[in-house]
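> Mind having a look at this structure? Questions to follow.
Throughout, read-outs are computed from the coordinates displayed, never taken from laboratory work. Quick caveat: nothing in here was measured; it's all calculated off a predicted structure. Backbone-built Cβ (ideal geometry, glycine too); neighbour counts: all protein chains shown.
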Amino acid sequence: MRTRVLPALAAAALMAACGVQPTGVVEAGPGPSIRATTGPNVLGGLTLYFVSDGRVIPVTRPSEGFISPEGAITLLLKGPTEREAAQGLTTFVPPEVGRVEVYSGDPSSIVLPFSLRKLSDQAINQLICTAIAASTATGRTPRSQGVNVTSPDGEVYFQSCRAD
């Protein structure tokens, strides 16, 4: 008799389930996506940081081979491409900035040819994030997650990348 009771109980439990009623498909928008912006997984890509709606965001451009942090900042100084500008991207780094030097280290250093006070917070963040992304693309992750920014007036400013 015990052998008949167990299967009957199991069948009853399956039929009762947990009381959850079936529903139709619920639209929740696009699925999640993960976009690598630096490192060895972005082959042939260079990450520059531009501004969209007041926020500094990463933009990956195709590139061939390794581009140094100074090279990445040189491209940043040229501003967004026509296509990027059409998508609403802009830069707060003025093109007349001139030569910006980047020195590797832990932390890395960016040397500006003018006073740091001439740049907005977004412009400084664009420079820092672009330098960090280009440095990280080498595969060597520094212990320090920030960059020292120095200017001819002796001002030194340390900041990490603050981008969306």
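> Of everything in segment 78-108, what is outside any loop (DSSP other than H, G, I, E, B), among the aliphatic types (A, V, I, L, M) and under 20 Å from Arg55 (Cβ atoms)? Give them in sequence order.
Ala85, Ala86
> Of everything in segment 65-77, what is part of a loop (DSSP other than H, G, I, E, B) and in contact (Cβ under 8 Å) with a residue 40 or more places away in the chain? Give them in sequence order.
Residues satisfying the conditions are Phe66, Ile67, Ser68.
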